[in-house]
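To start, the structure itself, in structure tokens.
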Amino acid sequence: MSIPRARKALDGIPAYRAGKPALTEAHKLSSNENPYAPLPGVMERAGIELARINRYPDAGMTVLHEALSERFGLPTDHFAAGTGSVAVLFALLSAHLEAGDEIVHAWRSFEAYPIAADLTGATSVRVPLRPDATHDLEAMAAAVTDRTKVVLVCTPNNPTGPVVTAAELSAFLAAVPGHVLVVVDEAYVEFVRDPEAASGLAALAEHDNVVVLRTFSKAYGLAGLRIGYAIAHPEIAASIRKATPPFAVTDLSQAAAVASLEAQEALDERVELIVQERVAVVETLRKQGWDVPDTEANFVWLPLGEDAMDFALACDPVSVRPFLGEGVRVSIGMPEVNAQLVALAGQWLEARA
């Protein structure tokens, strides 16, 4: 029996690996989820939409785009939403890349980047991070050729944590041709406290070729509803909307996102608690002897190399995210679970001494 084959581009693409299940949801430190419940007003607004799920959602995402417009002080035509910022990225690359093109990004960075690139038929050009786990933007600029159509800059970088500075991004944008799209992925921007960190919005105000990616999955705690968005020049935003399937984002998700935007004070309090926990976890791990890069996200990175899987197994019942041969990413969870993880990390290190 002959079975129709999928495109050859799929042959080398690994399936996306979700975070490992944990003993309890609180013990799951593998997926960078927000450990807190939805923000005030979200459940009430979502409940209203749940009662009308027999209707198609607003394909134009009008209310969401209007809320984002008010938040950022930009016209609604600057926005394009999708089922998570990763889906927005897939739509963007689908709209702007084809076979023969190149896309430049740091590595190790978000694991969906090469998958998204390969699906378009373009060539993924990976530029190694610097020894301190930061983007090497000079090397990335040097990697741009006349075939390059898109460059991805993840700040804070997932899974290592450091940010790109404003000075670095400014110099990089000055070096990159204006016809190359520079995507600034700011999935974790709400957790950033470094005053020297780059701002995608500031870069967009000065460069028409910049696209900023944001999400409601992390700080806003809507990971299960899958909603993210891009902020870009109107023509670029329009191309993303064209490449996004109709009715992709449910009205329930849109309502929850708008309610979350309205709960800014509660969001700020919640994010600050996570940031304080992050600082405490990093300080404790470093005192134990761990080499932990600076992080401005809601996770920390342990560059364990070949010991990554061994450490991940030793963390049971806490679930962490190993990257084979490279390291382990640990999300910041509730204080008691963070304390449990840090204790396990100390025990593992002592056993190896």
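Tell me which residues, restricted to segment 323-348, are within 25 Å of L273 (Cα to Cα) and crowded, with 18+ Cβ neighbours inside 10 Å.
Those that are within 25 Å of L273 (Cα to Cα) and crowded, with 18+ Cβ neighbours inside 10 Å: V328, R329, V330, S331, I332, G333, V337, N338, Q340, L341, V342, A345.
Picking from E296, E277, which residue would you name as being at pLDDT 95 or above, touching a helix residue (DSSP H, G or I) at 6+ places or on another chain (Cβ under 9 Å), in a loop (DSSP other than H, G, I, E, B) and charged (D, E, K, R)?
E296
Give the residue, chosen from G121, G161, G100, that is open to solvent by less than 50 Å² (accessible area, probe 1.4 Å), within 22 Å of Y220 (Cβ to Cβ) and touching a residue at least 40 places away in the same chain (Cβ under 8 Å).
Only one candidate passes the filter, namely G161.
Which residue out of A230, A223, A197, A219 is more than 22 Å from G161 (Cβ to Cβ) and aliphatic (A, V, I, L, M)?
A230
What about G325, is it touching an Asp or Glu at 6+ places or on another chain (Cβ under 7 Å) and modelled with pLDDT of 95 or more?
yes
What are the pairs with Cβ atoms under 7 angstrom where one residue, in segment 71-91, is under 19 Å from G224 (Cα atoms) and touching a residue at least 40 places away in the same chain (Cβ under 8 Å) and the other, located anywhere, is of a type in the set (K, R) and buried (at least 24 other Cβ atoms within 10 Å of the Cβ)? Sequence gap at least six, or different chains.
S85/R214
Which one of E111, E49 is in contact (Cβ under 8 Å) with a residue 60 or more places away in the chain and touching a helix residue (DSSP H, G or I) at 6+ places or on another chain (Cβ under 6 Å)?
E49
Exactly one condition in (1) surrounded by fewer than 18 Cβ atoms within 10 Å (Cβ to Cβ); (2) in contact (Cβ under 8 Å) with a residue 12 or more places away in the chain; (3) hydrophobic (A, V, I, L, M, F, W, C) is false for V189; which is it?
Tallying (1) surrounded by fewer than 18 Cβ atoms within 10 Å (Cβ to Cβ); (2) in contact (Cβ under 8 Å) with a residue 12 or more places away in the chain; (3) hydrophobic (A, V, I, L, M, F, W, C), V189 fails exactly one: (1).
Taking interchain pairs and intrachain pairs at least six residues apart, which have beta carbon atoms under 9 angstrom, with the first residue in segment 202-215 and under 14 Å from H78 (Cβ atoms) and open to solvent by 20 Å² or more (accessible area, probe 1.4 Å) and the second among the polar types (S, T, N, Q) and at pLDDT below 95?
The qualifying pairs do not exist here.
Among (1) under 30 Å from A259 (Cα atoms); (2) among the β-branched types (V, I, T); (3) assigned to a loop (DSSP other than H, G, I, E, B), which single condition is T145 missing?
It fails just one condition, (1).
Give all pairs with beta carbons closer than 9 Å in which a residue from segment 22-44 that is without any contact (Cβ under 8 Å) to a residue 60 or more places away in the chain and more than 18 Å from W301 (Cα to Cα) meets a residue that is open to solvent by 40 Å² or more (accessible area, probe 1.4 Å) and charged (D, E, K, R); count only pairs at least 6 apart in sequence or on separate chains.
That search, which allows pairs on different chains as well, returns E25/E33.
Would you check if P245 is surrounded by fewer than 18 Cβ atoms within 10 Å (Cβ to Cβ), more than 30 Å from L341 (Cβ to Cβ) and either touching a strand residue (DSSP E or B) at 6+ places or on another chain (Cβ under 6 Å) or free of Cβ contacts under 8 Å to residues at least 12 places away in the same chain (or both)?
yes
What's the number of the condition A133 fails, among (1) under 20 Å from the mean Cα position of the chain (by Cα); (2) without any contact (Cβ under 8 Å) to a residue 24 or more places away in the chain; (3) part of a loop (DSSP other than H, G, I, E, B)?
The failed condition is (2).
Output yes when any residue across segment 313-330 is in contact with a Phe, Trp or Tyr (Cβ under 7 Å, 6 or more places away or on another chain), free of Cβ contacts under 8 Å to residues at least 60 places away in the same chain, in a helix (DSSP H, G or I) and over 30 Å from L39 (Cβ atoms), and no when none is.
Yes: segment 313-330 contains one or more residues that are in contact with a Phe, Trp or Tyr (Cβ under 7 Å, 6 or more places away or on another chain), free of Cβ contacts under 8 Å to residues at least 60 places away in the same chain, in a helix (DSSP H, G or I) and over 30 Å from L39 (Cβ atoms).
Working only within segment 57-78, note down all residues that are among the aliphatic types (A, V, I, L, M), in a helix (DSSP H, G or I) and crowded, with 17+ Cβ neighbours inside 10 Å.
The answer is L64, A67, L68.
The values are calculated or read from the model by the stated rules, or taken from the named source; none is laboratory data. Since the model is a prediction, treat every value here as computed from it, not as a measurement. As a convention, Cβ positions derive from the backbone with ideal geometry for all residues, glycine included, and neighbour counts pool all protein chains shown. To get the accessible areas, we keep the full protein, side chains included, count just its heavy atoms, and leave off ligands, DNA and RNA. Shrake-Rupley method; radii C 1.70, N 1.55, O 1.52, S 1.80 Å.
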